[in-house]
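Quick notes on the structure that follows.
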Amino acid sequence: LSDIDFDNRTIDINHQLKKDKDGYYTEPPKSDSGYRKIPMTDLVFQTLLEVIKNRKNTQPIVVDGYSDFLFLNRQGLPMYNAYYSCRFSALSKKYRKYTGKELPNITPHILRHTFCTNMANKGMTPNNLQYVMGHKNITMTLGYYAHGSYQSAQAEMKRLTA
């Protein structure tokens, strides 16, 4: 958990955990802008403390010098990028089985997209949103993630003219 600083409530983004047939490995962010320190909201802070408190069956594993992983699978091993996509798919199938209703496609990338759009709609400045998202340029942040809508434009206009 060295990348999580609970005292200063920050998360240091400097690598990503992956897994292939040979095992776990890490990769650096795609660009220099991918290296960043993210401030934790109160909700994130409390949630991460809860995650740590409730972890079970933690397996001692070191990957490229990193250990003490936060999110673990049922076997107590670190979860990685593709694992989340598989879990979301399985949960969607289970939901459909029990409710007969479809869920929209949910992936880690869609959660990232939703976060960015929500922050933009709540008024986070574009330069701060670009930093938090780790984008090289503002065009990526504004053009691809931060989608406007009638509702967000209406709310913004009301806020600005109030």
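The values are calculated or read from the model by the stated rules, or taken from the named source; none is laboratory data. Please read these numbers as outputs of a predicted model, since none were measured by experiment. Glycine gets a Cβ as well: all are built from the backbone with ideal geometry, and neighbour counts include every protein chain shown. These area figures cover heavy atoms from the full protein model, side chains too; ligands, DNA and RNA do not enter into them. Shrake-Rupley method; radii C 1.70, N 1.55, O 1.52, S 1.80 Å.
Restricting the search to region 35-69, which residues are in contact with a strand residue (DSSP E or B) (Cβ under 7 Å, 6 or more places away or on another chain) and closer than 30 Å to residue 124 by Cβ?
35, 36, 37, 38, 39, 40, 48, 66, 69, listed by residue number.
Given the condition within 19 Å of residue 11 (Cα to Cα), of a type outside the set (S, T, N, Q) and open to solvent by 50 Å² or more (accessible area, probe 1.4 Å), answer yes or no: does some residue in region 67-80 qualify?
yes
Here are some residues: 128, 137, 118, 81. Which one is assigned by the TED database to the domain that holds residue 8 and either in contact (Cβ under 8 Å) with a residue 12 or more places away in the chain or not β-branched (Val, Ile, Thr) (or both)?
Result of the check over 128, 137, 118, 81: 81.
I want to confirm something. Restricting to region 58-102 and keeping residues that are among the aliphatic types (A, V, I, L, M) and part of a loop (DSSP other than H, G, I, E, B), which single residue is nearest to residue 44 (Cα to Cα)?
Ranking the candidates gives 70 first.
Before we move on, is residue 49 over 16 Å from the mean Cα position of the chain (by Cα) and either within 27 Å of residue 74 (Cβ to Cβ) or among the hydroxyl-bearing types (Ser, Thr, Tyr) (or both)?
Criteria met by residue 49.
When you scan region 20-33, do you find a residue that is on the phi < 0 side of the Ramachandran plot, in contact with a Lys or Arg (Cβ under 7 Å, 6 or more places away or on another chain) and not in a strand (DSSP E or B), even just one?
Yes, the conditions are met somewhere in region 20-33.
Counting just the residues of region 107-155 that are farther than 25 Å from residue 36 by Cα and not aromatic (Phe, Trp, Tyr), which one comes out most open to solvent (accessible area, probe 1.4 Å)?
151
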